[in-house]
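A.B. asks: Quick one: the structure is below, and I'll ask about it shortly.
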Amino acid sequence: MWERMLKYQDLMWQSIGETFVMVGISILAAVLVGLPLGTVLYFCRKGQLYENRSLSLTLNSIVNVVRSFPFLLLVVALIPVTRFLVGTSIGTLASTVPLSVVAIAYYARLVEQSLLEVPRGTIEAALSMGASKLELIFKFLYVEARSGLVLGLTASTISFISFSTVMGVVGGGGVGDFAIRYGYQRFENEVMAYAIVVMIVLVQLIQFTGSTVARMLDKR
């Protein structure tokens with residue numbers, strides 16, 4: 001087993017790097033787009049400060065469709081969009097497009113849920129002090145919900161790693177693709193077990209880091 005692990009060591013490191021690229025870009029998309037989208041979803045809800053039924057219905061429908069769409073079929077459906085954005089539909093960079101779409105929808109919903117846990121009194125206090133819209137969001141809402149936002153991003157990251165395991169269908173690579181190609185398809189169970197252990201370690205490290213940061217930020 002150790003001989004086989006050493007044999008595939010370089011390929012494993014390459015696969016880990018591909019997974020980091022796919023997941024890293026997805027996380028960036030989740031934060032840059034999913035966070036604002038989740039905030040808009042929160043404010044447009046019925047009974048919230050900027051209630052907008054039409055916008056809320058539209059955004060919720062889009063988020064729900066993306067989240068309920070079978071991921072493998074979504075990858076195929078987005079091939080024209082992927083080719084338009086990155087110039088190709090094959091490879092690690094191309095794989096980040098469908099992953100980012102899912103990441104945005106997934107994290108947006110978690111952001112909305114985290115903001116809903118902020119006491120109504122916090123918003124009322126902010127408005128009574130004359131806080132602007134941006135101040136209300138960044139100095140009050142996000143501060144109060146920061147622990148939940150971190151936990152949501154942690155859970156999202158773990159899900160993105162899971163999604164990345166199927167990106168071998170478009171040549172995206174990654175640890176999951178390594179396990180299938182060099183383990184399952186070659187009947188080398190030790191190699192597949194090796195890849196699974198690597199995935200478990202990655203997930204545990206991410207969960208531990210996210211939980212620790214969230215606990216430090218939680219001042220309640």
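A.B. asks: With the full set of protein chains in place, find how many percent of the accessible area of the range 120-220 is carbon and sulfur; take the probe as 1.4 Å.
C.D. replies: After summing per-atom areas, the C and S share lands at 65 percent.
A.B. asks: Which order do Leu74, Leu57 take when ranked by solvent-accessible area (1.4 Å probe, heavy atoms of all protein chains), largest first?
C.D. replies: Values: Leu74 15, Leu57 115 Å².
Greatest to least solvent exposure: Leu57, Leu74.
A.B. asks: Rounded, prolate or oblate: pick one for the range 154-216, where a ≥ b ≥ c are the square roots of the eigenvalues of its C-alpha gyration tensor, a/c under 1.5 means rounded, and failing that, prolate if a/b is larger than b/c, else oblate.
C.D. replies: oblate
A.B. asks: Mean residue ellipticity at 222 nm from the helices of the chain, using -39,500 (n - 2.57) per DSSP H segment of n ≥ 4 over the full residue count, to the nearest 500 deg cm²/dmol? Don't jump to the answer; show the numbers that get you there.
C.D. replies: Working: 11 runs with 158 residues, N = 220.
So the calculated ellipticity at 222 nm is -23500 deg cm²/dmol.
A.B. asks: At a 1.4 Å probe radius, carbon and sulfur cover how many percent of the accessible area of the range 1-106?
C.D. replies: Looking at the range 1-106 in its full context, I get 68 percent from C and S.
A.B. asks: Considering only protein heavy atoms, what per residue accessible area in square angstrom results for the chain with a 1.4 angstrom probe?
C.D. replies: 55 Å²
A.B. asks: Something else about it: Which one is right for this structure if Rg and Dmax of the Cα atoms in Å is calculated from it: (i) 20.1, 68; (ii) 18.3, 60; (iii) 17.5, 65?
C.D. replies: Matching entry in (i) 20.1, 68; (ii) 18.3, 60; (iii) 17.5, 65: (i).
A.B. asks: I need the phi-derived Karplus couplings for the range 198-213: 6.51 cos²θ - 1.76 cosθ + 1.60, θ = phi - 60°, integer Hz, Gly and Pro marked x.
C.D. replies: 4, 5, 4, 4, 4, 5, 5, 5, 5, 5, 5, 5, x, 5, 5, 5
The values are calculated or read from the model by the stated rules, or taken from the named source; none is laboratory data. Note that this is a predicted model, so its numbers are computed, not measured. These area figures cover heavy atoms from the full protein model, side chains too; ligands, DNA and RNA do not enter into them. Shrake-Rupley method; radii C 1.70, N 1.55, O 1.52, S 1.80 Å.
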